[in-house]
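To start, the structure itself, in structure tokens.
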Amino acid sequence: MHSVFLSWVIVGGLVFDLFGSRGLFNHIRNALGMKNLLVMQKESWFRPIYVISSIWKEAGWGTVVYLAAISGIDPGLYESASMDGAGRFQKMRYITFPLLIPTVLTLFLLNIGSFLELGFEQVYNLYTPMTYAVADIFDTYVYRAGIQQGQYSFATAVGLFQSVVGLVLVVIFNHLSRRYSQEGGLW
């Protein structure tokens, strides 16, 4: 994942402040007559917070990329569709979405190589020892086992495994992209 606009250190700090004992979340709970809830220490809350914070952080970059792709679509196509009586949703379905497919494929192809990484920075900045059971991913486990406990050969083997799987996924998806897309793959 990209750290384009804000780093995960900043986003993690904001999330901890939002869900902390004195954060906005608990202020709202207190106003409704409920007790404080230590959300960042609950295993059941980690995954939803992980997904929502990821969407929130990456939405800005995705918006920039997709708006740039949409602005590159010929306006004459929309005008022709309007003259033929197409509504807004028909224009999206038959013009916008099909012309965004090459952008979607390219972005997917660029990100599939890091498919197994799952965002070390995000997890490292959001998890606590109480959430290790649900929050641990390859990278955080390797960091703890390889770096903190000195098992360097283990950390190297897992890193090599992730790289090989990423390379295989990129090659396979690039082949599929060339086969099924008019735009082709990256190479």
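The values are calculated or read from the model by the stated rules, or taken from the named source; none is laboratory data. Computed from a prediction, not measured in an experiment: that's the story for all the values here. Neighbour counts run over all protein chains shown; Cβ positions are idealised from the backbone, glycine included. The accessibility values were calculated without ligands, DNA or RNA, using every heavy atom of the protein model including side chains. Shrake-Rupley method; radii C 1.70, N 1.55, O 1.52, S 1.80 Å.
Just so you know, in the stretch 55-72 the residues that are more than 20 Å from the chain's Cα centre (by Cα) and small (Gly, Ala, Ser) include one that is most open to solvent (accessible area, probe 1.4 Å), and it is 71. If only residues of the stretch 3-41 that are touching a Phe, Trp or Tyr at 6+ places or on another chain (Cβ under 6 Å) and of a type outside the set (A, V, I, L, M) are counted, the one that is nearest to residue 118 (Cα to Cα) is 19.
Can you find a residue in the stretch 43-54 that is open to solvent by 90 Å² or more (accessible area, probe 1.4 Å) and in contact with a helix residue (DSSP H, G or I) (Cβ under 6 Å, 6 or more places away or on another chain)? No; the residues of the stretch 43-54 include none that is open to solvent by 90 Å² or more (accessible area, probe 1.4 Å) and in contact with a helix residue (DSSP H, G or I) (Cβ under 6 Å, 6 or more places away or on another chain). For the stretch 87-106, the set of residues classified as more than 13 Å from residue 77 (Cα to Cα), β-branched (Val, Ile, Thr) and touching a residue at least 24 places away in the same chain (Cβ under 8 Å) consists of 101, 103, 106, listed by residue number.
Take the stretch 49-78 and flag every residue that is of a type in the set (Phe, Trp, Tyr) and either outside any helix (DSSP H, G or I) or more than 21 Å from residue 93 (Cβ to Cβ) (or both). Walk me through how you get there before you give the answer.
Narrowing the stretch 49-78 to residues of a type in the set (Phe, Trp, Tyr): 50, 56, 61, 66, 78.
50, 56, 61, listed by residue number.
In the stretch 107-117, is there at least one residue being open to solvent by 40 Å² or more (accessible area, probe 1.4 Å), in contact (Cβ under 8 Å) with a residue 40 or more places away in the chain, under 30 Å from residue 79 (Cβ atoms) and under 19 Å from the mean Cα position of the chain (by Cα)? So far as the stretch 107-117 goes, yes, one or more of its residues are open to solvent by 40 Å² or more (accessible area, probe 1.4 Å), in contact (Cβ under 8 Å) with a residue 40 or more places away in the chain, under 30 Å from residue 79 (Cβ atoms) and under 19 Å from the mean Cα position of the chain (by Cα).
Going through 156, 140 one at a time, which residue ends up being surrounded by 14 or more Cβ atoms within 10 Å (Cβ to Cβ), hydroxyl-bearing (Ser, Thr, Tyr) and out of contact with any His (no Cβ under 6 Å at 6 or more places or on another chain)? Working first, answer last.
Values: 156 fails: surrounded by 14 or more Cβ atoms within 10 Å (Cβ to Cβ).
Among 156, 140, only 140 is surrounded by 14 or more Cβ atoms within 10 Å (Cβ to Cβ), hydroxyl-bearing (Ser, Thr, Tyr) and out of contact with any His (no Cβ under 6 Å at 6 or more places or on another chain).
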